[in-house]
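Have a look at the structure below, then the notes.
The values are calculated or read from the model by the stated rules, or taken from the named source; none is laboratory data. All figures in this text were calculated on a predicted structure; none of them were measured in a lab. No Cβ is skipped: glycine too gets one built from the backbone with ideal geometry, and neighbour counts run over all protein chains shown.
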């Protein structure tokens, strides 16, 4: 492995980081906290207003909504999310734009110079790098998506000023527990005493509320402290003192109102720390964009959908979105699914939800150590019963086969993982 001390380009750093086992997950804050404190002391970094967002589904959308609204309000915003779709710098955004590679390279060198950095995992490197970039870019607000869990996630080394917990579902059970209550306890680890915080789950679990009460966090809970009323394409919050009508966010799907409600609730109760006008909220709701979330396009007459749905809850949201489209309901075209997932996902359950929704399936393994194997995909495909199933050696060939076997008027729906969508959404659109 090359000596990082001689790296000058971020591409070198990225390759080096990938070789350090990007699939390895090691929970705990001690290693990353020490390196971050050394980096802070050496470079005089003082985080400004920090917002952390945890949950199972809706985190990425909520971070994008916060980013769009805060930019509309005039703040300089850094947003950290994971994973990326195609390029690493999609994780670290300044004013909605991916970080410059020169800035990433400078940050990697600064972190590498800190004692203890050799012990950091891939995600810990990425997290500290995001903090470095935001500090150098003079971002006044840092919006940070928790990667997994909350209590032991690297993002949680910062005591956030505002915290948002979105919907909690079953995911990463090997690390977080096998019930929503157990997972909720881990997510609640981002909360702090006297912190401004919102729990926006339409079906809140008690463990989050109990933890908040035990540490003295005045958590605002949906269904207990506020509610969401949907009125046509608009909606309003009830219970927080400002029940004006808000527009449907630009992100597709009725569930995006739930994400927007949590964001707006957080900003309303946090206005003393982070003042935001109603005009900025509305402007941000209408301007928000997020790649890979029910992303639609027309390609050589085919209706294409790219969605990062990667667990049962997000797969249900994908199906709900499809069924809201009159053209899906009334189409005479074939419905073809291109699917792959990571090995730790509930693949059979996801496929079972969709078994009667598609005429043909195209399955293939992803690259990387966490990918579901061909054998695992074939075993899970028993949930598809008599569906037409095609297996390919990789996800690109699966997509190409689906495209070749389709015709104008057909639907091609790509889902199952960020890695699935990331590998396919930028391929050329032509009759291959």
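Apart from one condition, residue 352 fits all of (1) under 27 Å from the mean Cα position of the chain (by Cα); (2) in contact (Cβ under 8 Å) with a residue 40 or more places away in the chain; the exception is (2). Candidates 380, 398: the one that is part of a helix (DSSP H, G or I), surrounded by 14 or more Cβ atoms within 10 Å (Cβ to Cβ) and at pLDDT below 95 is 380. Exactly one residue among 366, 412 is at pLDDT below 95, under 11 Å from residue 339 (Cα atoms), outside any helix (DSSP H, G or I) and in contact with a helix residue (DSSP H, G or I) (Cβ under 7 Å, 6 or more places away or on another chain), and that residue is 366. The selection criterion, being modelled with pLDDT of 95 or more, in a helix (DSSP H, G or I) and either farther than 30 Å from residue 203 by Cα or in contact with a helix residue (DSSP H, G or I) (Cβ under 7 Å, 6 or more places away or on another chain) (or both), holds for residue 65.
If I filter the stretch 99-109 for residues that are out of contact with any strand residue (DSSP E or B) (no Cβ under 8 Å at 6 or more places or on another chain), in the same structural domain as residue 154 (by TED's automatic domain parsing) and within 30 Å of residue 260 (Cα to Cα), do I get at least one hit? The answer is yes; a qualifying residue exists. Here the condition is being under 24 Å from the mean Cα position of the chain (by Cα), within 28 Å of residue 287 (Cβ to Cβ) and either at pLDDT below 90 or not assigned by TED's automatic domain parsing to the domain that holds residue 65 (or both); of 241, 253, 232, it holds for 253 alone.
Is there a residue being touching a residue at least 12 places away in the same chain (Cβ under 8 Å), over 15 Å from the mean Cα position of the chain (by Cα) and surrounded by fewer than 20 Cβ atoms within 10 Å (Cβ to Cβ) anywhere in the stretch 78-85? The answer is no; no qualifying residue exists.
The set of residues in the stretch 103-136 that are buried (at least 17 other Cβ atoms within 10 Å of the Cβ) and assigned to a loop (DSSP other than H, G, I, E, B) comprises 114, 120, 121. Summed over the stretch 310-359, the residues that are farther than 21 Å from residue 409 by Cβ and in a helix (DSSP H, G or I) give a count of 14.
The rows are residues; the columns are (1) in contact (Cβ under 8 Å) with a residue 40 or more places away in the chain; (2) surrounded by fewer than 22 Cβ atoms within 10 Å (Cβ to Cβ).
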site	(1), (2)
394	no, yes
402	yes, no
413	yes, no
425	yes, yes
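Go through the stretch 139-159 and give me each residue that's in a helix (DSSP H, G or I) and surrounded by fewer than 20 Cβ atoms within 10 Å (Cβ to Cβ). Within the stretch 139-159, 157 is the sole residue that qualifies. Of all the criteria given as (1) surrounded by fewer than 21 Cβ atoms within 10 Å (Cβ to Cβ); (2) part of a loop (DSSP other than H, G, I, E, B), the one not satisfied by residue 297 is (2).
The requirement of being under 23 Å from the mean Cα position of the chain (by Cα), under 22 Å from residue 412 (Cα atoms), surrounded by fewer than 17 Cβ atoms within 10 Å (Cβ to Cβ) and touching a residue at least 60 places away in the same chain (Cβ under 8 Å) is not satisfied by residue 307. Considering 170, 267, 274, the condition of being assigned to a loop (DSSP other than H, G, I, E, B), under 26 Å from residue 154 (Cβ atoms) and at pLDDT 95 or above is satisfied by 274 alone.
On the given criteria, is residue 222 assigned by TED's automatic domain parsing to the domain that holds residue 55, surrounded by 14 or more Cβ atoms within 10 Å (Cβ to Cβ) and over 23 Å from residue 64 (Cβ atoms)? Here the answer is no, as residue 222 does not meet what is asked. Within the bounds of the stretch 372-383, is there any residue that is touching a residue at least 40 places away in the same chain (Cβ under 8 Å) and either in the same structural domain as residue 307 (by TED's automatic domain parsing) or under 20 Å from residue 311 (Cβ atoms) (or both)? Within the stretch 372-383, none of the residues are touching a residue at least 40 places away in the same chain (Cβ under 8 Å) and either in the same structural domain as residue 307 (by TED's automatic domain parsing) or under 20 Å from residue 311 (Cβ atoms) (or both). As a summary of the residue check, residue 22 satisfies the conditions (1) at pLDDT 75 or above; (2) on the phi < 0 side of the Ramachandran plot except for the one numbered (1).
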